[in-house]
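The values are calculated or read from the model by the stated rules, or taken from the named source; none is laboratory data. Quick caveat: nothing in here was measured; it's all calculated off a predicted structure. Cβ sites come from the backbone with ideal geometry, for glycine too, and all protein chains shown count toward neighbours.
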Amino acid sequence: MTDGNLKIGPYEFKSRLILGTGKYSGFEVMSRALEASGADMITVAVGRVNLSSPGEPTLLDHIDRRRYTILPNTAGAYTVEEACRIARLGRAAGLGDLVKVEVIGDKKTLLPDTEALLRATEILVKEKFVVMPYTNDDPIMARKLEAAGAACVMPLAAPIGSGRGIQNPLNIRFVQEAVRCPVIVDAGVGTASDAAVCMELGVDGVLMNTAVAAAKDPVLMAEAMRDAVTAGRKAFLAGRMPARDYASASSPQEGLAVKS
């Protein structure tokens, strides 16, 4: 089978890996990891960008805007109002109309407040943002977010930064069945095998940050994640063999001449 690009609203990307920019030991390591990942879209917390002093160096100075599409995110927002304000600040600073919307409901687990997320999505869609909402793995909420105009839905695999991989693959499948827009797994990936499993489920993409930034060698891990996302996507398109309870000979014996 042939495969097309990842499409989010009016945007189109060759890579199905979206990479974050937080938690790196330094900007130089971050830049090398971004390059090694092959990602086209890079997410940036608007709160980490110094918007009040335009002349001072910022995180964005270390990201090639000609090479990457910036995905501002509303990390740190706990209310509808905070999420909308952060999104508007990002657009006013020239980061564009694409936005990953997060509205956190619990400081310990960092799980999303989905009611507030839905409301923020409705407001920002009306303001012509291309909204990518970070949500839980609930197919009902995914359907509501799509109906509100979200350009995709981004269910978590596990809590942010936990590195535990997909905890409920069945729910990810239910989310895929519930919506027609792209599904991007966001949060919980810990290593390359987790990324491959996500893609083998048939999701449209994977977003990660800590799995790369907190690796012993972030640049090498970024390369591994690039390969894993590609391999997982190819495996999904190829269609895996049926799982069986018993052995099945790789070389069938039927029709072979048997000598005594």
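Values as computed for the structure displayed
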quantity: Hey, Arg233 farther than 21 Å from Ser162 by Cβ, out of contact with any strand residue (DSSP E or B) (no Cβ under 8 Å at 6 or more places or on another chain) and not small (Gly, Ala, Ser) or not; calculated: yes
quantity: The stretch 141-155 residues that are within 13 Å of Arg119 (Cα to Cα), paired with ones that are of a type outside the set (A, V, I, L, M) and assigned to a helix (DSSP H, G or I) (beta carbon under 6 Å, 6 or more apart); calculated: Met141/Thr114; Leu145/Thr121; Ala148/Thr121; Ala148/Glu122; Ala150/Thr121
quantity: The stretch 115-141, residues that are of a type in the set (Ser, Thr, Tyr) and either over 19 Å from the mean Cα position of the chain (by Cα) or surrounded by fewer than 21 Cβ atoms within 10 Å (Cβ to Cβ) (or both); calculated: none
quantity: Failed item in (1) modelled with pLDDT under 95; (2) basic (Lys, Arg); (3) crowded, with 18+ Cβ neighbours inside 10 Å, with Arg67 passing the rest; calculated: (3)
quantity: Residue within the stretch 142-157 that is farther than 14 Å from Val101 by Cα and within 13 Å of the chain's Cα centre (by Cα) present; calculated: yes
quantity: Condition met for Leu118 (modelled with pLDDT of 95 or more, assigned to a helix (DSSP H, G or I) and in contact with a Lys or Arg (Cβ under 6 Å, 6 or more places away or on another chain)); calculated: yes
quantity: Residue check for Ser15: assigned to a loop (DSSP other than H, G, I, E, B), at negative phi, at pLDDT 95 or above and surrounded by fewer than 20 Cβ atoms within 10 Å (Cβ to Cβ); calculated: yes
